[in-house]
1. Only one of D157, D171, D199 is among the acidic types (D, E) and outside any loop (DSSP other than H, G, I, E, B). Can you tell me which?
2. Any residue at all in the range 274-292 that's out of contact with any His (no Cβ under 6 Å at 6 or more places or on another chain), charged (D, E, K, R), more than 21 Å from R151 (Cα to Cα) and open to solvent by less than 40 Å² (accessible area, probe 1.4 Å)?
3. Look through the range 174-196, keep the residues that are in a loop (DSSP other than H, G, I, E, B) and among the β-branched types (V, I, T), and return whichever of them is most open to solvent (accessible area, probe 1.4 Å).
4. Give the residue that is nearest to the chain's Cα centre (by Cα), with candidates limited to residues of the range 160-173 that are open to solvent by 10 Å² or more (accessible area, probe 1.4 Å) and of a type outside the set (S, T, Y).
5. Can you pull out the residues in the range 81-108 that are open to solvent by 90 Å² or more (accessible area, probe 1.4 Å) and either more than 30 Å from P34 (Cα to Cα) or in a loop (DSSP other than H, G, I, E, B) (or both)?
6. Assuming V152 fulfils every condition listed in (1) open to solvent by 20 Å² or more (accessible area, probe 1.4 Å); (2) touching a Pro at 6+ places or on another chain (Cβ under 9 Å); (3) free of Cβ contacts under 8 Å to residues at least 40 places away in the same chain apart from one, which condition is it?
7. How about the range 206-242: which of its residues are among the aliphatic types (A, V, I, L, M) and either open to solvent by 40 Å² or more (accessible area, probe 1.4 Å) or in a loop (DSSP other than H, G, I, E, B) (or both)?
8. Does the range 109-128 contain at least one residue that is among the β-branched types (V, I, T), touching a residue at least 24 places away in the same chain (Cβ under 8 Å) and not in a loop (DSSP other than H, G, I, E, B)?
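The values are calculated or read from the model by the stated rules, or taken from the named source; none is laboratory data. All values reported here derive from a predicted model rather than from experimental measurement. Note that each Cβ is placed from the backbone with ideal geometry, even for glycine, and that neighbours are counted across all protein chains shown. Keep in mind that these areas ignore ligands, DNA and RNA; they rest on the heavy atoms of the full protein, side chains included. Shrake-Rupley method; radii C 1.70, N 1.55, O 1.52, S 1.80 Å.
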Amino acid sequence: AGCGNPVADISNLEARLSEAVQTVVVVEWETDVPVLGRVEFGLEGELGWVAGPADEPSRDHRIVLTGLPPDREVSYRVVLDDGKHEQEGDTYKVQTGSLPRGMPRIDVVGSDAGAYLAVPLLGTTSAAVILSPEGDITWYHTDDSGLDVYRVRLSQDGRSVLYNAGSVSGDPSDASRLVRVSLDGATVETIPVELLAHDFVEHPDGTLAALVVEYREVDGVEVRGDQVVEIDPEGNQSVVWSAWDCFSPEEHPGEVTGWTFANALDFDPMEQAYTVGFRNQSSIVRVDRATGSCLWAMGGS
């Protein structure tokens with residue numbers, strides 16, 4: 001770098017597997033002066049992937065390597081940057097661990113789209129996982145609450161995985177929750193949200209919005225509708241919209257036991273609007289976030 005002068009001296013370099021996620025490698029090291037640091041890494045001796053750098057120069061560095069398949073040899077090296085020069089460290093190797101018992105084998109059919117997928121596992125194992133384009137489970141978190149995992153998303157800042165745990169079949173659960181897990185699996189944050197339905201989204205500012213079942217009595221019969229509940233970064237929950245504001249069981253019957261059955265949610269930050277899918281109304285509805293009004297409905301209702 002430069003005229004042969006190193007950007008910084010590296011010490012205490014260590015690469016270890018995350019205790020919680022054996023396919024995740026945590027690389028830590030120290031430098032004698034504050035600099036930016038990143039890690040270049042890959043499989044079969046390649047270094048085509050990059051993790052980091054951190055937001056600010058530091059003497060203490062910690063980079064989490066993700067996207068790696070189990071039981072594979074990983075090559076990596078540290079690269080330092082002082083804003084003027086870069087310094088490449090030596091290349092080392094580390095071996096990822098095996099998947100825990102109960103994780104399924106995934107078969108890929110069709111062409112490789114090159115995309116990683118965050119998906120739930122339902123069945124003998126209830127878990128949130130991330131699949132590589134080749135079908136390898138590269139990240140996992142098993143949910144032992146007895147609830148079902150049925151939506152998994154990477155967080156907006158790319159530093160954690162979010163999922164909702166509830167009851168997929170049968171009545172919705174009072175014990176349902178949104179869960180945030182750090183990429184190294186070391187930190188798990190749970191947010192209780194009663195009667196969670198199938199989907200949720202995260203806003204750019206970290207606000208979470210979730211579909212929640214809402215019961216009302218109509219002519220002596222308990223009817224199951226839906227609402228959108230927001231949870232701000234401080235944990236405060238508020239209802240921003242209800243299906244009852246736009247539909248009525250008399251005009252749009254659906255199925256009484258699952259009148260609207262909302263099972264898909266999206267958010268447009270530019271328009272500040274939600275898009276909600278209703279299975280039992282065969283409809284997709286656009287909802288204004290500020291007013292809670294239905295802007296339009298496409299489909300059966």
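1. Details: D157 fails: outside any loop (DSSP other than H, G, I, E, B); D171 fails: outside any loop (DSSP other than H, G, I, E, B).
None of the other options fit; the residue is D199.
2. yes
3. T187
4. The extreme case among them is V168.
5. Selection gives K84, D90, R101, R105, D107.
6. With (1) open to solvent by 20 Å² or more (accessible area, probe 1.4 Å); (2) touching a Pro at 6+ places or on another chain (Cβ under 9 Å); (3) free of Cβ contacts under 8 Å to residues at least 40 places away in the same chain applied to V152, the lone miss is (1).
7. Correct list: V221, V239.
8. Of the residues in the range 109-128, the ones among the β-branched types (V, I, T) are 109, 119, 124-125.
Filter once more, so that each one left must be touching a residue at least 24 places away in the same chain (Cβ under 8 Å): 119.
Now narrow it down to the ones that are not in a loop (DSSP other than H, G, I, E, B): 119.
Yes; the residues of the range 109-128 include at least one that is among the β-branched types (V, I, T), touching a residue at least 24 places away in the same chain (Cβ under 8 Å) and not in a loop (DSSP other than H, G, I, E, B).
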